[in-house]
Amino acid sequence: MKKVLAIILGGGAGTRLYPLTKLRAKPAVPVAGKYRLIDIPVSNCINSEIFKIYVLTQFNSASLNRHIARTYNFSGFSEGFVEVLAAQQTPENPNWFQGTADAVRQYLWMLQEWDVDEFLILSGDHLYRMDYRLFIQRHRETNADITLSVIPIDDRRASDFGLMKIDNAGRVIDFSEKPKGEALTKMRVDTTVLGLTPEQAASQPYIASMGIYVFKKDVLIKLLKESLERTDFGKEIIPDASKDHNVQAYLFDDYWEDIGTIEAFYNANLALTQQPMPPFSFYDEEAPIYTRARYLPPTKLLDCHVTESIIGEGCILKNCRIQHSVLGVRSRIETGCVIEESLLMGADFYQASVERQCSIDKGDIPVGIGPDTIIRRAIIDKNARIGHDVKIINKDNVQEADRESQGFYIRSGIVVVLKNAVITDGTII
């Protein structure tokens, strides 16, 4: 894998994940109580022995830079690195990134200097575990110019994805973006060609792109230099290239979730608490997910009732009830609280006991969840200060609302409390 360079696309402004992306880049959004989204593709690369990794980003990249600098330090005796390449304006190109392909194009001058055979293009907002060595092996065995990683899809979900059609050798011959009706029926393929059993192929007769690609180095350089007006890999570059290049499909038949929306992000996090087997597990010793080592103390629980939940390190919970929830690092839950079906991202720092008491004495609200508060079906971003006897329960079942001045949004019926927000005592949402 020394001849492979990975490029992780950090995505645009992250509007579908707003307000979680208000103060951070999409790959820096916390996930599963202690990780960040960027840790997933980077860990997959490290576990696949790919150690040359660039992350392309353009919005709010300060916290992402800090996380990567603190987390991924390879030995000085290796070529390994994880570096952020932020969008920049140059005399030759005064524009910001216009799409996935344009982002790579703007840094082509640097990427093409590497002595590699393939570029592995990844997305920064997916949850999955994958051995890229098998992906690249398939690419090399078929002598492909481009290989796309695809997942099998059933009839029910097929119209939500960009679908592909393959021939008997696994070569991609047609593309269709979110087809319906007769156009959808035309995209059915025999997925046994890619390794599914006849039974699986019958129930999952479509294949959808995961937004993960391997390009031969010279092919990528040629395609990006030839078509300057084409800015997106999935919608323009690859469909056009399939006419006269060998574009192959590689089947990934395992858990994969695009967590680019608030609802998908919320559901994917809470699914981690499922028993006996969550759809995605962080407990795989053979392929661990890495993140920043914080050296936090163990979590302390004082007379608490906790069911079906994940609790990060360094939390303090007092006489409360936690049900089907994920609590991030340094979460602080006071007496009498009820947290149900919620994602709390925790805090970036501890407040000393003296400081907390001073805040309370002055009528201010300390970081964490105040006494007798009820939180149900919500996402509480980092460093939020929730007062005494607050009810975050979406009492009117509102589906969409923008209440930034009051410290929260509602997306798909999920209340999202902003980072650093203050929710005063007795508030009902």
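Between D232 and R66, the modelled labels are 3.3 nm apart [label points 7 Å from Cα along Cα→Cβ]. Extension gain, T261 to N73: 0.36 nm times the residue separation minus the Cα-Cα distance gives 64.6 nm. For T185 and E355, a Förster radius of 56 Å and the Cβ-Cβ distance give a FRET efficiency of 0.30, rounded to the nearest 0.05. Here region 300-423 is treated as an ellipsoid with the same Cα gyration tensor; its semi-axes, largest first and in whole Å, are 21, 18, 12.
Rounded to the nearest Hz, the phi-derived 3J(HN,Hα) couplings of region 190-197 under the Karplus curve 6.51 cos²θ - 1.76 cosθ + 1.60 (θ = phi - 60°) are 8, 7, 5, 4, 9, x, 6, 6, where x marks glycine and proline.
Other residues whose C-beta falls under 10 angstrom from the C-beta of G10 contribute a net charge of 0, scoring Lys and Arg +1 and Asp and Glu -1. Across region 373-429, the mean sequence separation of Cα contacts (distance under 8 Å, 6 or more residues apart), normalised by length, yields a relative contact order of 45 percent. Charge tally around L302: other residues with Cβ under 14 Å, Lys/Arg +1 each, Asp/Glu -1 each, net +2. Using C-alpha pairs below 8 Å separated by at least 6 residues, the relative contact order for region 147-278 is 34 percent.
Close amide-amide hydrogen proximity is noted between F81 and K52, I53, each under 5 Å apart and 5 or more residues distant or on a separate chain (H modeled in the peptide plane; Pro and chain starts excluded). Magnitude of the charge dipole for region 4-272, about its Cα centre and with charges confined to Cβ atoms of Lys, Arg (+1) and Asp, Glu (-1), is about 720 debye. Note: relative contact order over the chain, using C-alpha pairs below 8 Å and six or more positions apart, is 14 percent. Treating r as the C-beta distance of K362 and A169 and R0 as 56 Å, the FRET efficiency rounds to 0.20. The simple spin-label model puts a point 7 Å past each Cα toward its Cβ; for W114 and H305 those points are separated by 5.3 nm. Cysteine residues of the chain whose C-beta has no other cysteine C-beta under 4.7 angstrom: C45, C304, C315, C358. Under a 5 Å amide H cut-off, with hydrogens placed 1.01 Å from N, A378 pairs with S342, L343 among residues at least 5 apart or on other chains. Amide H contacts of D348 (H built 1.01 Å from N, in plane; Pro and chain starts excluded): N383 sit under 5 Å, all sequence-distant by 5 or more or on other chains. From helices alone, the chain scores -5000 deg cm²/dmol at 222 nm; the rule is -39500 (n - 2.57) for each run of n ≥ 4 DSSP H residues, then divide by the residue total.
Taking P(r) over Cα pairs in 20 Å bins from 0, in percent as the quantity of interest, determine which of [x] 29, 64, 7; [y] 24, 52, 22, 1; [z] 26, 57, 17, 0 was computed from the displayed structure. So the structure-derived entry is [y]. Along its three principal directions, the equivalent ellipsoid of region 1-139 from the Cα gyration tensor extends over semi-axes of 22, 20, 14 Å, largest first.
Each residue of region 374-381 was assigned a 3J(HN,Hα) from its phi angle through the Karplus curve 6.51 cos²θ - 1.76 cosθ + 1.60 (θ = phi - 60°); the sequence is 10, 10, 9, 6, 9, 10, 10, 6 Hz, with glycine and proline shown as x.
Take the Cβ atoms of M277 and K395, set R0 to 45 Å, and the FRET efficiency comes out at 0.85. Between K3 and K222, the distance separating the two model label sites (each 7 Å from Cα on the Cα→Cβ line) works out to 1.7 nm.
The distance separating the Cα centre of region 381-407 from that of region 1-51 comes to 27 Å.
Rule-based calculations on the coordinates, nothing more; no lab input. It should be emphasised that the depicted structure is a prediction, and the values quoted were computed from it without experimental measurement. Positions of Cβ are generated from backbone atoms using ideal geometry, with glycine treated the same way; all protein chains shown enter the neighbour counts.
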